[in-house]
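Colleague: One structure follows; several queries about it will come next.
We did not get these values from a lab; they are worked out from the coordinates using the rules stated. The shown structure was predicted, so the numbers you read here are calculated from the model rather than taken from an experiment. Neighbour counts are summed over all protein chains in view; Cβ atoms, including those assigned to glycine, are modelled from backbone coordinates with ideal geometry.
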Amino acid sequence: MRFLLDVMCGGLVSYLRMCNHDTVYAGDRGLEADAALLTVVREEDRMPVTRDVQLASRAEDAMLLESRDVADQLAELAATGVDLSLADQPRFCGRCNGRLEPLERAASTPEYAPDPAETAVWTCRSCGQHFWRGSHWDRVAETLSGLEDRGGE
């Protein structure tokens with residue numbers, strides 16, 4: 001799915017991107033006014049995700065979330081049928097939503113990233129950030145696995 005998250009739902013950005021959903025965050029684009037958000041929704045064929053009742057009512061199709069808690073918001077998304085499975089091959093950059101590409105095993109990485117000969121590493125075509133399945137991946141997996149206890153999936 002292709003989402004546009006308003007600033008009230010920014011905590012969901014990395015989760016959705018790690019589950020291979022093309023996810024734009026309004027805060028990254030400086031989108032504050034409802035009209036600007038709705039223009040992007042229409043032009044880019046995106047599903048708005050919001051906690052703002054008025055914004056949701058102005059969109060042709062929107063996901064209106066009730067909770068402020070990120071795990072509860074994830075459970076609400078799961079309950080609507082959004083697939084929240086971590087991707088085996090991530091496609092979207094957690095920082096900018098750019099496309100990721102896997103690095104060759106012989107490639108060099110910045111000091112902060114692991115050696116791709118030992119760990120699968122992806123790099124963003126847009127911002128150059130490197131990604132791998134590390135401790136953040138494990139924390140996200142733990143949060144997603146706990147959604148069943150919150151009424152999701």
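Colleague: Report, in debye and to the nearest 20, how large the dipole of the stretch 47-128 comes out about its Cα centre when Lys and Arg carry +1 and Asp and Glu carry -1 on their Cβ.
Modeller: Result for the stretch 47-128 is approximately 300 debye, rounded to the nearest 20.
Colleague: Run the quick spin-label model on SER67 and THR143: label points 7 Å from Cα toward the beta carbon, then report their separation in nm to one decimal.
Modeller: Modelled inter-label distance: 1.1 nm.
Colleague: Does the chain come out rounded, prolate or oblate by the C-alpha gyration tensor, with a ≥ b ≥ c the root eigenvalues, rounded set by a/c under 1.5 and, if not, prolate when a/b is larger than b/c and oblate if not?
Modeller: Here the chain falls in the oblate category.
Colleague: Using Cα-Cα distances under 8 Å and only pairs 6 or more residues apart, what relative contact order does the chain have, in percent?
Modeller: 22
Colleague: Here is a follow-up. First select every other residue whose beta carbon is under 10 angstrom from the beta carbon of SER126; then total the charges, Lys and Arg +1, Asp and Glu -1.
Modeller: Surrounding charge for SER126 is +3.
Colleague: Sticking with this one: Using the Karplus curve 6.51 cos²θ - 1.76 cosθ + 1.60 with θ = phi - 60°, what ³J(HN,Hα) values do you get for each residue of the stretch 59-66, in whole Hz, with x for Gly and Pro?
Modeller: After applying 6.51 cos²θ - 1.76 cosθ + 1.60, I find 8, 4, 8, 8, 9, 9, 9, 9 Hz.
Colleague: Pick out, in residue order, every one of the GluC sites (Glu not before Pro) in the stretch 71-113 that is DSSP loop and has at most 16 other C-beta atoms within 10 Å; say none if there are none.
Modeller: Those satisfying the criteria are GLU104, GLU111.
Colleague: Taking the convex hull of the Cα atoms, report for the stretch 26-79 its projected area averaged over all directions, in nm².
Modeller: Projected area, direction-averaged: 4.0 nm².
Colleague: Loop-only check: which chymotrypsin sites (Phe, Trp or Tyr not before Pro) in the stretch 50-144 are DSSP coil with at most 11 other Cβ within 10 angstrom?
Modeller: Sites meeting the loop and neighbour criteria: TYR112.
Colleague: Under the rule of -39500 (n - 2.57) per DSSP H run of 4 or more residues, summed and divided by the residues of the chain, what mean residue ellipticity at 222 nm is obtained, to the nearest 500 deg cm²/dmol?
Modeller: Mean residue ellipticity, 222 nm, calculated: -8500 deg cm²/dmol.
Colleague: Taking loop as defined by DSSP and a crowding limit of 15 other beta carbons within 10 Å, which GluC sites (Glu not before Pro) in the stretch 8-68 fit?
Modeller: Sparse-neighbourhood loop GluC sites (Glu not before Pro): GLU32, GLU60, GLU66.
Colleague: Based on the Cβ-Cβ distance of THR119 and GLU44, what FRET efficiency does E = 1/(1 + (r/R0)^6) give at R0 = 30 Å, to the nearest 0.05?
Modeller: Efficiency for this residue pair is about 0.35.
Colleague: Given H placed on each backbone N at 1.01 Å, which residues far from VAL121 in sequence or on other chains put an amide H within less than 5 Å of it?
Modeller: The list, which skips near neighbours in sequence, is LEU103.
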